[in-house]
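Take a look at the structure set out below.
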Amino acid sequence: MAIINRVLIHVDDCKGCGLCIDACPVNVLDFSDGLNSMGYRPAHYIGEGCTGCGTCFYTCPEPRAITVVRNVEGLAKDHCPHCNATVKVFPGNRDESKTFCVECLKPVNK
Ligand code: SF4
Ligand code: SF4
């Protein structure tokens, strides 16, 4: 099975600088059509082709704006109370006992 990676943009933490878009070696990031709550046009993932290289994460000046999730298919599933659906979840950077929804990025447990 092919490994599927995903880059998650935390929309309201993005300042729309475009550095990640320019830096992505496989050109899978672009600007969104709309604006975020701060009035910036955030980056977004076009939906496929991310290699999980992490270049966008290391390029972004905003520490909370980008999360790169490698091997999405290999992640555990849990119920996300925000999406009200069973979704893939990824562990937190600082506390792996806390997991987050790959769809809405919000915590699924306490
Ligand atoms: S992890 Fe690499 S391939 Fe994926 S969006 Fe970021 S820069 Fe592009
Ligand atoms: S580098 Fe960070 S702040 Fe700039 S557009 Fe990309 S996600 Fe947004």
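Values quoted throughout were computed directly from the atomic coordinates according to the rules given, and no laboratory measurement underlies them. Model, not experiment: these values are computed from the prediction. Virtual Cβ from ideal backbone geometry, glycine too; neighbours counted across all protein chains shown.
What to note about this one:
- Estimated from helical segments only, the mean residue ellipticity of the chain at 222 nm is -1500 deg cm²/dmol, where each DSSP H run of four or more residues counts as -39500 (n - 2.57).
- Summing +1 for each Lys or Arg and -1 for each Asp or Glu among the other residues whose beta-carbon sits under 12 angstrom from that of residue 30 gives -1.
- Radius of gyration and maximum dimension Dmax of the chain, Cα, Å: 13.8, 40
- Across the stretch 101-106, rounded Karplus estimates of 3J(HN,Hα) from the backbone phi angles (6.51 cos²θ - 1.76 cosθ + 1.60, θ = phi - 60°) give 6, 6, 8, 10, 6, 8 Hz, Gly and Pro being marked x.
- Electrostatic bookkeeping for residue 101 treats Lys and Arg as +1 and Asp and Glu as -1; over the other residues with beta carbon under 13 Å from its beta carbon, the sum is +3.
- Electrostatic bookkeeping for residue 4 treats Lys and Arg as +1 and Asp and Glu as -1; over the other residues with beta carbon under 12 Å from its beta carbon, the sum is +1.
- The 3J(HN,Hα) values that the Karplus relation (6.51, -1.76, 1.60; θ = phi - 60°) gives for the stretch 85-98 are, in residue order, 8, 7, 9, 6, 10, 10, x, x, 5, 9, 9, 5, 6, 9 Hz. Gly and Pro appear as x.
- Under the Karplus curve 6.51 cos²θ - 1.76 cosθ + 1.60, θ = phi - 60°, whole-Hz ³J(HN,Hα) for the stretch 31-40, x wherever Gly or Pro sits: 7, 6, 6, x, 10, 8, 5, 8, x, 9
- Label point distance in nm, residue 2-residue 58, each placed 7 Å from Cα along Cα→Cβ: 2.5
- Length-normalised contact order of the stretch 17-97 in % [C-alpha pairs under 8 Å, at least 6 apart]: 20
- Residue among 26, 11, 69 with the largest mean-square fluctuation in a Gaussian network model of the chain, springs linking Cα atoms under 10 Å: 26
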